[in-house]
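One structure is given below, encoded as structure tokens.
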Amino acid sequence: MSFVTELIPPRPAPAATKQGLTVARIAGISVLALWALLAASLVLTVINGWNQDKFLRYGPRYLHGLWTTISLVGISVVLGAALSVPIAFARMSKNRVAGAIAYAYVYVFRSTPLLAQLFLIYYGLGSFKPQLESVGLWWFFRDAWYCGLLSFVLNTAAYQAEILRGAIESVPRGQHEGAAALGISKSIAFRKIILPQALIVALRPYGNEIILMIKGSAVVAIVTVYDLMGETRYAFSRTFDYQTYLWAAIFYLAIVEVLRHVWAFLEARLTRHLKR
Amino acid sequence: MGEIKLSDVNKSYGSVHVLKDIDLHIEDGEFIVFVGPSGCGKSTLLRTIAGLEKITSGEIKIDGKRVNDVSAADRGLAMVFQSYALYPHMTVRQNLAFGLENSNMPKAEIAERIGEAARMLEIDQYLDRRPGQLSGGQRQRVAIGRAIVRRPTAFLLDEPLSNLDAELRVSTRAELAALHARIGSTMIYVTHDQVEAMTLAHRIVVMRAGKIEQVGTPLDLYNTPANRFVAGFIGAPHMNFLSAQVVEVDPASVTLTIGGSHRLLVPLAGHKLSVGEKLTVGIRPQHITLASDPGSLTVKVRLVEALGSETVIHADLHGEKLLAVVQGQKQITPGDEVHFSVAGAPLHLFDNNGLRIGA
């Protein structure tokens, strides 16, 4: 048996050691300074190059282009989500034919550039005018906006199908079995147990996919859709002022930043139950 | 009712035979425990009863009804998983109610059942929390509660205590026993912890490599193990096994030599042993005592574990390991030579195939 015989007197806290300037710290500070200079020069450029006349002439067009971009991406993401569900299920299916078709679809649309897909639909299908007219679909394929929408839907559906499949498969097997062992049918278990958990897992990848779609949507400007980038190209062709592109970049940055914050809020709200 | 009958059940994954000719009759209201080493097929057997795994051949009957092709959801059983499998996006109340709501039960009855289960398991103050806000023990109770509210034919529990710390395991084990006494339903419990099996079970099913080695009450298995595997598996620390040779035979007894020259007279009626035959003697560590007379087994101490109330002595007897658990605190150190006595100790004899000799 041992007993305390004396208390150790309190000692002062050790003196704070001053960190000297290392090569790594100097390099880090230099890089930060360069970034700060770049940001400052951009701000100065925007302020110094401000032109009230151009703003009044092209500002409304930019807003129209912004709306076109948002609506195009919004509709394509929603339709793509709807299309991704059967594709994801086909990918997970034990039916080899369905699985192979879904795999081929996903593989093709994820492995080829969005621009190539857009050209194939707009120019490629455009060359089948008589056939499309005969089945009453020419009204759709002659319009660049619809072609852009279709290419976006098909592209995002492939990505979203993989996001959804991965999310569903990430839900522990015990959740499926737990439901079955408690007398819950497969369809109810999927809707009320598996899917809510899968969608939480999928939330961040979905956000990333929407951001990529917003940035990728600029390609429709090439096929004469006056989205944000289309209006920017129009403004530049009239003014030859590179600041038109700078403003487009600011708009894209703003959309992405707003979306990022919305997504962060959604994620925090929907994952409350996972935090102790 | 909760009578479950398995007849000639086999389960294979390709060429791997995981359950072999399982025959088992579980009575209504019985608490039965499947034990065995990792990979012996006990969880697979439980999952086949639950309907989570399809059997390759044989028959499973629940209350006389063949359920081979009945889905897990329709077997009327409730399973508690090692991982709890609680729904993280639902509160405790929603977790308990979910299965009932989907069977279109009136809300008043659901509330009544939840209240009853919550009081029984002392989780009523956690009903509005989510699983992420609960401790392991609380989650375990919710998982059990979720099974209780269904009022199933039988409860299936797959290593439900393995994620809990040692102290909590002991208290939860006692709670499970009390719960079974209160609700009286059939419970089938899987564990690799034979202390859990001994304390909870009416009957224990000992499994090895997909086969049932022995079924019996805890004391049956402890006192009359059917073979060397069961003898070594049931009881902690496990039984000592010593090589022996028959030197004399009588109609009612045999004399054996162990540890080189030490002679043991073993009462054994109706045996068919002959002089010179080699066999194995099993002695439980708790049945060995320290002796002072040199006529006892002289052993060399390798390791001493002083546990306060008892002392565990690891020793060597002519190259064979021998373990003794003696009461109290002993002043023994590794390297010492001590004398062990097995006088009056129940001895278990096993033949060359590991099967028990005698009753």
- request: Kindly indicate whether any position in the range B:124-145 is within 21 Å of residue A:171 (Cα to Cα), touching a Phe, Trp or Tyr at 6+ places or on another chain (Cβ under 9 Å), within 11 Å of chain A (Cβ to nearest Cβ) and among the small types (Gly, Ala, Ser).
  value: yes
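With the requirement that a residue be among the small types (Gly, Ala, Ser) and within 11 Å of chain A (Cβ to nearest Cβ), what does the range B:146-159 give you?
Residues of the range B:146-159 that are among the small types (Gly, Ala, Ser), as a first pass: B:147, B:154.
B:147, the sole residue that qualifies.
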task: Of the numbered conditions (1) within 11 Å of the chain's Cα centre (by Cα); (2) in contact (Cβ under 8 Å) with a residue 60 or more places away in the chain, residue A:228 fails exactly one; give the number of that condition.
output: (1)
task: For the range B:122-135, name all the residues that are under 16 Å from residue B:179 (Cα atoms) and surrounded by fewer than 19 Cβ atoms within 10 Å (Cβ to Cβ).
output: B:122
- request: For the range B:240-270, name all the residues that are over 31 Å from the mean Cα position of the chain (by Cα) and either among the aliphatic types (A, V, I, L, M) or not assigned by TED's automatic domain parsing to the domain that holds residue B:296 (or both).
  value: B:246, B:247, B:249, B:252, B:254, B:256, B:264, B:265
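Within the range B:48-81, track down each residue that is in contact (Cβ under 8 Å) with a residue 60 or more places away in the chain and within 14 Å of another protein chain (Cβ to nearest Cβ).
Within the range B:48-81, B:49, B:50, B:62, B:75, B:76, B:77, B:78, B:79, B:80, B:81 meet the criteria.
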- request: Considering each of A:136, A:126, A:148, A:174 in turn, give the residue that is surrounded by 15 or more Cβ atoms within 10 Å (Cβ to Cβ) and either within 14 Å of another protein chain (Cβ to nearest Cβ) or over 28 Å from residue A:216 (Cα atoms) (or both).
  value: A:174
- prompt: If residue B:84 passes every condition in (1) more than 12 Å from chain A (Cβ to nearest Cβ); (2) of a type in the set (Phe, Trp, Tyr); (3) closer than 20 Å to residue A:192 by Cβ but one, which one does it miss?
  reply: (1)
- request: Identify the residue in the range A:151-170 that is surrounded by fewer than 20 Cβ atoms within 10 Å (Cβ to Cβ) and free of Cβ contacts under 8 Å to residues at least 40 places away in the same chain and, among all such residues, is nearest to the other protein chains (Cβ to nearest Cβ).
  value: A:170
query: For the subset of the range B:187-197 comprising residues that are farther than 13 Å from residue B:79 by Cβ and of a type in the set (Val, Ile, Thr), which member is modelled with the lowest pLDDT?
result: B:195
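Scan A:238, A:269 and give me the residue that is surrounded by fewer than 19 Cβ atoms within 10 Å (Cβ to Cβ), part of a helix (DSSP H, G or I) and within 14 Å of chain B (Cβ to nearest Cβ). Reasoning before the result, please.
Details: A:238 fails: within 14 Å of chain B (Cβ to nearest Cβ).
Selected residue: A:269, the only one of A:238, A:269 that is surrounded by fewer than 19 Cβ atoms within 10 Å (Cβ to Cβ), part of a helix (DSSP H, G or I) and within 14 Å of chain B (Cβ to nearest Cβ).
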- prompt: What single numbered condition from (1) in a helix (DSSP H, G or I); (2) among the aromatic types (Phe, Trp, Tyr); (3) surrounded by 14 or more Cβ atoms within 10 Å (Cβ to Cβ) fails to hold for residue A:226?
  reply: (1)
- prompt: Hey, among A:85, A:73, which residue is of a type outside the set (D, E, K, R) and either crowded, with 18+ Cβ neighbours inside 10 Å or within 14 Å of residue A:246 (Cα to Cα) (or both)?
  reply: A:73
Looking only at the range B:87-120, and only at residues there that are more than 8 Å from chain A (Cβ to nearest Cβ) and polar (S, T, N, Q), the one that is nearest to residue B:24 (Cα to Cα): B:95
message: Residues to consider are A:105, A:123, A:146; find the one that is more than 19 Å from residue A:226 (Cα to Cα) and not polar (S, T, N, Q).
response: A:105
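The values are calculated or read from the model by the stated rules, or taken from the named source; none is laboratory data. Remember, it's a predicted structure, so these values are computed and weren't measured experimentally. Glycine gets a Cβ as well: all are built from the backbone with ideal geometry, and neighbour counts include every protein chain shown.
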